[in-house]
1. Quick check: is even one residue across segment 60-74 within 16 Å of ligand 1 (Cβ to nearest atom), without any contact (Cβ under 8 Å) to a residue 24 or more places away in the chain and surrounded by fewer than 21 Cβ atoms within 10 Å (Cβ to Cβ)?
2. With respect to ASP241, determine if the residue is at pLDDT 95 or above, more than 12 Å from ligand 2 (Cβ to nearest atom) and of a type in the set (Asp, Glu).
3. Mind checking which residues of segment 244-280 are among the polar types (S, T, N, Q), in contact with a strand residue (DSSP E or B) (Cβ under 8 Å, 6 or more places away or on another chain) and modelled with pLDDT under 95?
4. How many residues are of a type outside the set (A, V, I, L, M, F, W, C), modelled with pLDDT of 90 or more and either over 18 Å from GLU380 (Cα atoms) or in a loop (DSSP other than H, G, I, E, B) (or both) if we restrict to segment 347-366?
5. State yes or no: is ARG78 surrounded by 14 or more Cβ atoms within 10 Å (Cβ to Cβ), part of a helix (DSSP H, G or I) and touching an Asp or Glu at 6+ places or on another chain (Cβ under 8 Å)?
6. Inside segment 344-365, can you point out the residues that are farther than 28 Å from VAL411 by Cβ and either of a type in the set (A, V, I, L, M) or free of Cβ contacts under 8 Å to residues at least 24 places away in the same chain (or both)?
7. Take segment 10-41 and flag every residue that is out of contact with any helix residue (DSSP H, G or I) (no Cβ under 6 Å at 6 or more places or on another chain), within 16 Å of ligand 2 (Cβ to nearest atom) and either among the acidic types (Asp, Glu) or closer than 21 Å to LEU186 by Cβ (or both).
8. Going through ARG249, ARG215 one at a time, which residue ends up being within 16 Å of ligand 1 (Cβ to nearest atom) and either on the phi > 0 side of the Ramachandran plot or within 16 Å of the chain's Cα centre (by Cα) (or both)?
Amino acid sequence: MVGSAPQTLVMKFGGTSVGTPEAMAQTALIIQRQRALTPRLVVVTSALSGVTDLLLNSATAAALGETEVYNQTVQTLRNKHEAVLKALITDRARQDEVRGAITLLILDFANLCQAIGVLGEATSRALDAVASIGERMAVRLLAAVLDNNGVTAQFVEATRFIVTDDNFQSAHPDLAATQTATRAVLNTLLDQGIVPVVTGFIGATRNGVTTTLGRGGSDYTGALIGATLPSDEVWIWTDVDGVMTADPRIVKEATTIEELTYREVSELAYAGAKVLHPKTIRPVIEAGIGLRVLNTFNPDHAGTQLVSELPITDHHVVKSVTAIRGQSLITLEGRGMLGVPGVAARTFAAIANLGTSITLISQASSEQAICFAVPVTAAEAITSALQREFRFEFERKDIDRVWATGEVVIVTVVGEGMKSTPGVAGRIFSALGDKKINVIAIAQGSSEVSISFVLKSEDVRPAVQTLHDLVIKKDESK
Ligand code: ADP
Ligand code: ASP
Ligand code: MG
């Protein structure tokens with residue numbers, strides 16, 4: 001197991017850590033062992049892997065009148081949870097109790113989908129109600145499995161204490177209200193030696209309406225609970241050996257990064273490394289508590305430890321490479337643009353009004369253009385909005401055109417050492433140039449911890465692989 005034992009600890013388990021009977025058994029074992037060492041232990045869990053996608057896809061299909069999709073999902077959800085129930089809960093009465101609770105939640109899901117079908121529309125609020133069901137089923141199952149293994153556990157729905165605004169699908173927590181409520185609910189259980197098993201991902205408004213923190217948001221739940229209790233550490237248990245030099249699904253030689261600064265991991269998370277939700281980092285930094293990423297299926301591996309500072313050595317120059325797919329680069333250009341006040345402000349305000357976040361802003365060499373990346377799904381709406389916003393400037397020919405590329409990717413290279421090492425950008429460009437990979441746009445993070453490139457979609461794998469070779473080359477020169 002990992003290091004010396006913290007006295008108060010939050011352990012978050014992702015979907016793959018609870019997705020099958022074998023995975024859930026492994027998770028229960030990790031919790032059981034840790035409980036013997038840590039007197040105040042909080043567990044946060046995601047829905048079983050694939051469940052959130054199933055729920056959301058069914059709700060979206062219901063809005064289009066496709067009722068057979070959610071009927072099929074009802075069956076899949078039953079089978080998926082039943083498999084764990086049968087394999088890991090021996091007591092028949094307990095099995096029946098949990099099966100009953102899960103059946104009711106699945107019924108809620110079917111009713112919500114039916115209502116969505118009648119309305120012909122799935123609002124963000126309805127989608128959050130649907131999505132929350134995955135985690136609500138998972139906590140009941142995991143708490144019962146723990147009880148079965150002799151760990152006194154109690155499932156808890158985070159709607160009781162993660163207080164958010166009503167920005168459905170990406171709700172923002174009210175930190176003060178959340179802190180008071182979290183302490184009240186969880187300390188009561190911890191004081192009695194009970195392990196709370198908390199739903200990741202979800203919260204509720206002050207009026208009790210269910211919200212979610214955004215896809216992958218269970219990591220954020222873990223961090224919020226850790227920061228508010230506060231715990232000594234937060235451990236994120238996933239299906240790989242910590243944060244790696246690249247996504248191991250793309251680069252098979254990717255290796256674990258033993259230590260990473262908070263700044264580096266923030267850049268990585270924002271630049272698409274799915275292993276950690278980007279919002280996870282801030283609460284733990286502010287609370288000054290430790291954060292680790294560990295592998296449920298290889299629990300003796302030390303994983304990644306996040307730290308505030310690291311001595312900069314040349315070996316740390318390029319530490320990790322990551323990519324965000326499905327982007328479009330939008331350019332607003334015109335020779336008269338320099339004379340028009342507030343073009344950038346108006347551009348970004350128009351986009352913010354559509355509720356879209358900008359993934360990257362490029363430092364265009366010519367000041368006659370503004371260039372930024374957004375999810376490709378939003379590109380058309382954004383170009384139309386900009387055409388409306390600047391209709392007079394178009395008429396006066398101050399702005400010539402606004403256009404969006406087809407699908408592109410953003411590849412980002414991260415490493416604190418880039419700040420103090422001249423020539424890194426040059427090395428990166430030569431490596432891409434050698435492979436005939438064309439760079440469409442560039443942005444350097446203001447913190448100089450990262451450099452991002454916009455590339456054609458088909459270049460993502462060769463680019464990530466090529467840039468990853470730079471990480472390996474540095475390591476070999478140690
Ligand atoms: P969980 O269900 O545990 O939250 P996720 O699927 O959200 O797991 O995140 C883990 C996945 O993140 C890994 O399986 C891996 O494919 C992907 N990933 C992407 N970039 C990285 C990286 N730099 N290091 C580790 N994993 C990464
Ligand atoms: N279950 C949610 C999702 O799939 C939250 C999470 O896994 O962190 O997005
Ligand atoms: Mg995740």
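The values are calculated or read from the model by the stated rules, or taken from the named source; none is laboratory data. Small disclaimer: the values here were computed from a predicted structure and weren't measured. As a convention, Cβ positions derive from the backbone with ideal geometry for all residues, glycine included, and neighbour counts pool all protein chains shown.
1. Looking through segment 60-74, none of the residues is within 16 Å of ligand 1 (Cβ to nearest atom), without any contact (Cβ under 8 Å) to a residue 24 or more places away in the chain and surrounded by fewer than 21 Cβ atoms within 10 Å (Cβ to Cβ).
2. So ASP241 passes the test.
3. Kept after step one, since they are among the polar types (S, T, N, Q), are these residues of segment 244-280: 245, 255-256, 261, 266, 280.
Pick out the ones that are also in contact with a strand residue (DSSP E or B) (Cβ under 8 Å, 6 or more places away or on another chain) and you get 245, 255-256, 261, 280.
Hit for segment 244-280 is THR261, nothing else.
4. Final tally of qualifying residues: 1.
5. Values: surrounded by 14 or more Cβ atoms within 10 Å (Cβ to Cβ): yes; part of a helix (DSSP H, G or I): yes; touching an Asp or Glu at 6+ places or on another chain (Cβ under 8 Å): no.
No; evaluated as a whole, the condition is false for this residue.
6. Here is the first cut: in segment 344-365, the residues farther than 28 Å from VAL411 by Cβ are 345-346, 349, 353.
If the condition is that a residue be farther than 28 Å from VAL411 by Cβ and either of a type in the set (A, V, I, L, M) or free of Cβ contacts under 8 Å to residues at least 24 places away in the same chain (or both), then ALA345, ALA349 are the ones that fit.
7. Passing the criteria: MET11, GLY14.
8. ARG215
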